[in-house]
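Worksheet: the structure to be examined is printed underneath.
Bear in mind that the values in this text are calculations on the coordinates, not laboratory data. No experiment lies behind these values; they were computed from the predicted model shown. We place every Cβ from the backbone using ideal geometry, glycine too, and count neighbours over all the protein chains shown.
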Amino acid sequence: MGIYDREYYRTSREAAHSAWPQSAVTNIILICVICYLLDWVLFPEDHRLTYLLAANGQTLLAPWLWWKFLTYGFVHDPAPAHIILNMLSLFFLGREVESHYGTREFWCLYLAMIVFGGVVHALLNLGQSYMLLGASGAVCGVTLLFVLRHPFATLVLFPFPFPLPAWVVGLVLVVINVFGFGLGSRGGPAGGAGHIAFSVHLAGMAFAWAYYRFGWQLSSIWSSVTRGVRGRSFRVRYPDDEHEEDRREDEELRALEEEVDRILEKISQFGEASLTRKERRILEDASRRFRSRRGSRPSE
């Protein structure tokens, strides 16, 4: 299917008015709130759902439970302050980050920070049963990424009643978590103090810094991995050299289409003004290549 026949071109207005929200931030908040409410409604006494989806230091030793390194980030402590603070921070700061990087890239980044934070916590508490839950690690990463992109924006940091420059908020966030990490006692989880896993917060921020510093494109990496898996599993291999060039061109076009899909989705949600110069160049290049490819085909 040609890129100009794709759904983004034909139904962008319909997509914008669809019943289910397209924003990653909105969907993450919805998932967390639904999990929180379900846990209170179904298991008000023992909060079994939260504990089922939470991770701990023993999770790393049980490969069949590695899915918990993802699910722990969508459940929160039964006390409402945990989920409220996380979701408010994600709502106010995450939307700008998603607007800049795109919905698909934001999903990859957010989930990667959750998994990375969970694995770091498990390594520091290997074999221990200290429970890990909540989106704090990923939210701290999103916060730092916002600060790195807008260091002089003004933010309000609870409990301070006055606005602060974003770089001050970022600095305070890092210092508090480094200090808390150092307070981890022998009687509690390593890298934590009380019920707060500071190691997970620091892991999320470290991942966000590396992401910003080295310009990673996680959605492209993920597409390459999944495309390679699909290719090894299902693609017919052509031994003849004459097919190799065509096959390579098809793979490049498929990768380009996936990247264009991501950019068009970003346009449908946030408008053309949200595009970076690199994304505009990709669209221009894709337009030329697909027009050339369409023009070279014989008429039917």
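One table, with the values for the structure above:
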{"quantity": "Point-to-point label distance, PHE152-ILE176, nm (Cα→Cβ direction, 7 Å offset)", "calculated": "2.6 nm"}
{"quantity": "Inter-site label distance for LEU38 and LEU183 at 7 Å from Cα along Cβ, in nm", "calculated": "3.4 nm"}
{"quantity": "Amide N of the stretch 33-70 lying under 17 Å from the label point, which is placed 7 angstrom from the Cα of SER129 along Cα→Cβ", "calculated": "46-62"}
{"quantity": "Backbone HN-Hα couplings from phi across the stretch 215-220 [Karplus 6.51/-1.76/1.60, Hz, Gly and Pro as x]", "calculated": "x, 5, 10, 5, 5, 5"}
{"quantity": "Peptides ranked, highest mean first, by Cβ atoms within 10 Å: ranges 261-268, 202-209, 143-150", "calculated": "202-209, 143-150, 261-268"}
{"quantity": "Protection proxy ranking, peptides 101-113, 63-75, average beta carbon neighbours within 10 Å, highest first", "calculated": "101-113, 63-75"}
{"quantity": "Amide H within-cut-off set for LEU164, under 5 Å, with H built and near neighbours excluded", "calculated": "LEU155, VAL156, LEU157"}
{"quantity": "Ordering of 280-288, 119-127 by packing [mean C-beta count within 10 Å, highest first]", "calculated": "119-127, 280-288"}
